[in-house]
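The values are calculated or read from the model by the stated rules, or taken from the named source; none is laboratory data. Only a predicted model underlies this, so the values are computations on that prediction, with no experimental measurement involved. A quick note on method: Cβ atoms are made from the backbone with ideal geometry, for glycine too, and the neighbour counts reach across all protein chains shown.
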Amino acid sequence: MNILVLYGSVRTERQGIKAAKYMVKKLAERDHQAELIDPLEYKLPLLDWMYKEYETGKAPELMEILAEKIRKAEGFIIVSGEYNHSIPPALTNLMDHFLEEYYFKPSGIVCYSAGRFGGVRAAMQLRAFLGEMGMPTISSLLPFGAVQDAFDDEGNPLMNYIDPEASKFLDEFEWYVKALGDARNKYGTPF
């Protein structure tokens, strides 16, 4: 499976990148093609024109590259912190540049925070946001409280609960990727 891991923070000394690296590793261990999409590497400007608003072949090169990656992806893991009980602006800006490219592909929410709630308040808002983007979320969440202590800098887990919980989460996510992929192949899409 071709899976994109979309990460949402550009802060100095960001800790959630550890969880994003972990998810890429876990997907690769399951023989999936996984790629991290980091807004620090894909520096899109604040949203003015969406990709679809450009004439074919006229979008900025970075948008063209990302649009192709999103089109090819079969599912998305969204790794999001919680900023003021909400979604980080870098994540929404990254994602808002595209729309139809996401349609009818599932998403899974990995959330985190420095505190004990693990970003779940942002995850609830992400469910509505991702649904509107045409990428339904799986029912499970994978929250990481005290993310700064949960992983080392390379994304290796430091807590015993992490691998078993991630395995259950990815089992469900893979089921949705297969099911929606089968439906797209057999029936096409409504639009």
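Taking Phe98, is it under 24 Å from Tyr176 (Cβ atoms) and either touching a Ser or Thr at 6+ places or on another chain (Cβ under 8 Å) or in a loop (DSSP other than H, G, I, E, B) (or both)? Considered against the rule, which asks whether it is under 24 Å from Tyr176 (Cβ atoms) and either touching a Ser or Thr at 6+ places or on another chain (Cβ under 8 Å) or in a loop (DSSP other than H, G, I, E, B) (or both), Phe98 comes out as yes. Taking segment 146-191 as the range and being small (Gly, Ala, Ser) and within 18 Å of Val24 (Cβ to Cβ) as the test, the residues that pass are Ala150, Gly155, Ala166, Ser167. Considering only residues in segment 104-118 that are surrounded by fewer than 22 Cβ atoms within 10 Å (Cβ to Cβ) and of a type in the set (Phe, Trp, Tyr), the one that is modelled with the lowest pLDDT turns out to be Phe117. Per this entry, Arg121 is counted among residues that are touching an Asp or Glu at 6+ places or on another chain (Cβ under 8 Å) and under 30 Å from Glu100 (Cβ atoms).
Would you confirm whether or not segment 54-62 contains a residue that is in contact (Cβ under 8 Å) with a residue 24 or more places away in the chain and exposed (fewer than 14 other Cβ atoms within 10 Å of the Cβ)? Scanning segment 54-62 turns up no residue that is in contact (Cβ under 8 Å) with a residue 24 or more places away in the chain and exposed (fewer than 14 other Cβ atoms within 10 Å of the Cβ). Of the residues making up segment 7-26, those that are buried (at least 24 other Cβ atoms within 10 Å of the Cβ) and more than 16 Å from Gly145 (Cα to Cα) are Tyr7, Gly8. Restricted to segment 124-145, and to residues that are more than 26 Å from His97 (Cβ to Cβ) and of a type in the set (S, T, N, Q), which residue is surrounded by the most Cβ atoms within 10 Å (Cβ to Cβ)? That would be Ser140.
Identification of helices (runs of 4 or more DSSP H) wholly contained in segment 108-191 with 3 or more residues that are of a type in the set (D, E, K, R) yields 120-132, 162-187.
Can we say Glu101 is surrounded by fewer than 15 Cβ atoms within 10 Å (Cβ to Cβ) and either closer than 22 Å to Thr189 by Cα or modelled with pLDDT of 95 or more (or both)?
Working: surrounded by fewer than 15 Cβ atoms within 10 Å (Cβ to Cβ): no; either closer than 22 Å to Thr189 by Cα or modelled with pLDDT of 95 or more (or both): yes.
Answer is no for this residue.
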